[in-house]
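Here's the structure, in structure tokens; my notes come after.
The values are calculated or read from the model by the stated rules, or taken from the named source; none is laboratory data. Not measured: the values here are computed from a predicted model. A quick note on method: Cβ atoms are made from the backbone with ideal geometry, for glycine too, and the neighbour counts reach across all protein chains shown.
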Amino acid sequence: MNQSSARQPRFDPLPRQTTPAGDARRIGLELEVAEVRPQAMAEAVTAVVGGSIEHESAFLTRVRATEFGDFNIELDASILRDRRYQQALAEIGIDIGEGSARDNIEDLMSRVAGLIVPRELVGPPIPWTEFARLDEIRLRLHKAGAKGTHSSPFYAFGLQLNIEAASLDADYLLNMLRAFLLKYEWLLERSDVDLARRISPYVQSYPEDYVAHVLNPDYQPDLTTLIDDFLYYTPTRNRPLDLLPLFAHIDEQRVMAAPVEKELIKPRPAFHYRLPNCLIDEPDWNLSVPWNDWVAVERLAAEPRALEKECTSRLKSSSPVKRWLSALVRKLRS
């Protein structure tokens, strides 16, 4: 696959660059890596955007007060990060207390968990015009020996983008959803999604009956219907494009009343794009690759005639059998 050069990455501009308030749209980055210690990750951040390093535990390090806000470096396992493992140990009569003994145990647990569970660099939302700055952090992590998706069959690691919506109007959100569904197979090929991630529950494709429902030209929902249909057909965050944070921002009560992963949903006015691999240890990969792929989705959404033409073409290839099977699976799970 022809990837952008790591030396001169080109970050394509968004077709819609501002919010209704006239501010530059913001982007948040989540990067999952392995085999690099939290201190080295934190130093990669401070070298590019400043800030001060705070180690809260072996599972959580923060870089405070950078140019853009706070960055977190987390072991991607909440039972460890939130120290809920202590409650589990207490239930069987083990109390590790506090101090150096606990710190040593947690450091060992962190190293062992890091063989399978990624460390995640979570950045604050920044103006999209500054996103290329984060590629300097990516390059420093690469040089520090960070490993990505393809380094182990156990590494179902990903890169996630949180892209602020240009509008919260139903027509715009529908066009964005349609464009993503139409571009999905292309994105899947472009991203070369690792087998470990394909079979994981985290980025499962949208069910065919929902795809056909959304691409139907007669489907012109208001916001409430758009959200209700999503919650009916696919009530989960484990999709390559997770819309639950965005829908929860619009109507949190409606989303949280549905059978969704409530404790994991953080309402925000952003598309949560979860599909790409993290190929941080590969020399020809950089952040412009997933970024430019996303921009291609936005460009299609901004072209009504092209969008309509592709919807018609995709619907012609939609299999009634696949739609029936996806509806059957949903009924069996309900």
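Okay, here's what the table says:
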quantity	calculated
Every residue from segment 259-271 that is among the hydrophobic types (A, V, I, L, M, F, W, C) and surrounded by fewer than 17 Cβ atoms within 10 Å (Cβ to Cβ)	264
Subset of segment 238-258 (residues that are crowded, with 19+ Cβ neighbours inside 10 Å and under 18 Å from residue 208 (Cα atoms))	239, 240, 241, 242, 243
Residue in segment 262-275 that is within 17 Å of residue 204 (Cβ to Cβ), of a type in the set (Asp, Glu) and modelled with pLDDT under 95 present	no
Single unsatisfied condition, residue 138 versus (1) at pLDDT 95 or above; (2) part of a helix (DSSP H, G or I); (3) over 28 Å from residue 284 (Cβ atoms)	(3)
Helices (runs of 4 or more DSSP H) enclosed by segment 37-130 - at least 1 residues per element that are modelled with pLDDT of 55 or more, surrounded by 18 or more Cβ atoms within 10 Å (Cβ to Cβ) and of a type outside the set (Asp, Glu)	38-49
Residue within segment 316-325 that is at pLDDT 90 or above, loosely packed, with under 14 Cβ neighbours inside 10 Å and either of a type in the set (Ser, Thr, Tyr) or under 23 Å from residue 218 (Cα atoms) (or both) present	yes
Filtered residues of segment 194-230 (kept if among the hydrophobic types (A, V, I, L, M, F, W, C), at pLDDT 95 or above and crowded, with 19+ Cβ neighbours inside 10 Å)	211, 212, 214, 215, 226, 227, 230
Pairs with Cβ under 6 Å, 6+ apart, first in segment 218-231 and within 14 Å of residue 243 (Cα to Cα) and touching a residue at least 40 places away in the same chain (Cβ under 8 Å), second surrounded by 15 or more Cβ atoms within 10 Å (Cβ to Cβ) and aliphatic (A, V, I, L, M)	223/170; 226/170
